[in-house]
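None of the figures in this text is laboratory data; all of them are computed from the coordinates on show. Computed from a predicted structure; not experimentally measured. Note that we place each Cβ from the backbone using ideal geometry, even for glycine, and neighbour counts take in every protein chain shown.
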Amino acid sequence: MSFEFTEEQELLQSAVREFAKNEVEPLAVKLDRDGIFPAETMRKLAELDLTGIPYPIEYGGAGADYVSYALVIEELAKACASTAVVLAVHTLAAAPIMQFGTSEQKKKFLPMLTEYKVLGAFALTEAGAGTDAGALTTTATLDGDYYVINGAKTFITNGDEAGLVILMAKTGPGEGTKGISAFIVEKSVSDFAVGQHEDKMGMRGSHTTEIIFKNCRVPKENLLGTIGGGFKIAMATLDGGRIAIGAQALGIAQTCLDEAVRYAKERKQFGRPIAANQAIQWMIADMAKDVMAARLLVYNAASLRDKGKSYSMEAAIAKLFASETAMHHAVKAVQIQGGYGYTKGSKVERLMRDAKVTEIYEGTSEVQRMVIAGIALR
């Protein structure tokens, strides 16, 4: 088993790292402070052919692998976690079309996303249906050549900016998850309303909103997969999404480590750098250990996906470990920097706020443990 990147992957990593340093990081504080969507950055990412990384060239993608995609998300997250998740969810929206779409759907909709003609979003969660997807109440009723959608989705990343949404709705027959179907909703054709904007603790440059469907008419040819097949589509999509969130959490954790090391070497107390203190050394050692382990887990899951092997358990483990690593060590980075770290506007203060949600979205840490245990006990 090799954990070395190819020459092409190393070149991509270097290019994105440079882009993140020059174009993404300088905007991170303003995006966080003012809750600004990184519109210009997304356009630049599209120009660099990074808005459709793991999708075939014939559909407007870069034709790269999932390891390359994880590399991009990690490098962006080191500079600005908000920008990383905007790209991650946009890329996620194309996945179910690629995997379950018809030839016509792929030709029509994939280039819209991969070439960034529209921003993508994924709409599963509702106010009363988070982990329990079977409890969702949004409905899709066939009326001639259209499905009429009614309901509301909440906590939707990219919701207010999205031009294309992968939507899960109840069509029946069947109870619980068996009645869920998936739809491709193109805003220019099937208009929907944007409801409440969430004022979040972190990831403030990534907009999270409610999406409201009121007699929204979606062409019946936009049904994705089969009637009642939506839950399967959603779960398959989230498997890949967990690798991306693991990569995002890894990027946050790596920056926490970098900032802790930098400060520990610069800050002097009692005539010497605090890095000379064993207590600080042990915290940094634990950070380095866990960041390395998270990196191996994330890229192992991505590699398995590239090889066409089963990766559901590995993706859940990577997401769980990387997100908990990011949160745990963001707190340690703040502790190492003391009062300066706790000050509004410090980098580690922002990282701590950003890290928390990686333990929540794309399935909470508790859900990841359910997934892992379920597979291990089969």
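As I understand it, the value is the acute angle between the Cα axis of helix 81-100 and the longest principal axis of the Cα atoms of the chain; what does it come to in degrees, rounded to 10? Relative to the chain, helix 81-100 is tipped by roughly 40 degrees.
Against the main long axis of the alpha-carbon atoms of the chain, helix 230-266 sits at an angle near 20°.
The C-alpha atoms of the chain define a longest principal axis, and helix 347-358 lies at about 40 degrees to it. In terms of surrounding Cβ atoms within a 10 Å radius of their Cβ, Ile360, Ile73, Ile97 rank from fewest to most as Ile360, Ile97, Ile73. Peptide packing for 268-281, 166-179, 193-206 was compared via the average number of neighbouring C-beta atoms within 10 Å per residue; ordered from the highest value, the list is 166-179, 193-206, 268-281. Summary of packing: across the peptides 155-161, 324-330, the per-residue average of other C-beta atoms within 10 Å ranks them, highest first, as 324-330, 155-161.
Per-residue 3J(HN,Hα) values for segment 64-80, derived from phi via the Karplus relation 6.51 cos²θ - 1.76 cosθ + 1.60 with θ = phi - 60°, read 8, 9, 6, 4, 4, 4, 4, 4, 5, 4, 4, 5, 5, 5, 4, 8, 7 Hz in sequence order (x marks Gly and Pro).
For segment 232-376, what's the relative contact order in percent, using C-alpha pairs closer than 8 Å and at least 6 residues apart?
Working: 176 pairs, mean separation 47.5, N = 145.
Relative contact order, segment 232-376: 33 percent.
Between Asp306 and Asn150, residue separation times 0.36 nm minus the direct Cα-Cα distance comes to 52.4 nm. The value obtained for segment 208-294, namely the Cα convex hull volume divided by the number of residues, is 149 Å³ per residue. Model label points for Gln13 and Asp34, set 7 angstrom from Cα along the Cα-to-Cβ axis, are 3.5 nm apart. Determine one quarter of the surface area of the Cα convex hull of segment 67-157, which equals its mean projected area, and express it in nm² to one decimal. Average of the hull's projected areas for segment 67-157 equals 7.8 nm².
Placing R0 at 35 angstrom, the Cβ-Cβ distance between Ile360 and Phe270 gives a FRET efficiency of 0.30 after rounding to 0.05.
Given the rule -39500 (n - 2.57) for each run of at least 4 DSSP H residues, summed and divided by the residues of the chain, what is its mean residue ellipticity at 222 nm, to the nearest 500 deg cm²/dmol? All intermediate terms of the calculation are to be shown ahead of the outcome.
Details: 11 runs with 199 residues, N = 378.
Mean residue ellipticity at 222 nm (helix-derived): -18000 deg cm²/dmol.
Here Lys107 is the anchor, and the lysines within straight C-alpha reach of less than 28 Å, apart from those fewer than 8 places off in the same chain, are Lys44, Lys117, Lys153, Lys170, Lys187, Lys220, Lys232, Lys307, Lys309. When both segment 345-378 and segment 7-86 are represented by their alpha-carbon centers, they are found 21 Å apart. Here are some values of semi-axes √(5λ) of the Cα gyration tensor in Å: (i) 102, 25, 17; (ii) 36, 21, 20; (iii) 71, 26, 18. Which one was computed from this structure? Matching entry in (i) 102, 25, 17; (ii) 36, 21, 20; (iii) 71, 26, 18: (ii). The C-alpha radius of gyration of segment 7-114, expressed as a fraction of 2.2 N^0.38 Å, stands at 1.08. Each Lys or Arg adds one and each Asp or Glu takes one away; over the other residues whose Cβ falls under 9 Å from the Cβ of Lys153, this sums to -2.
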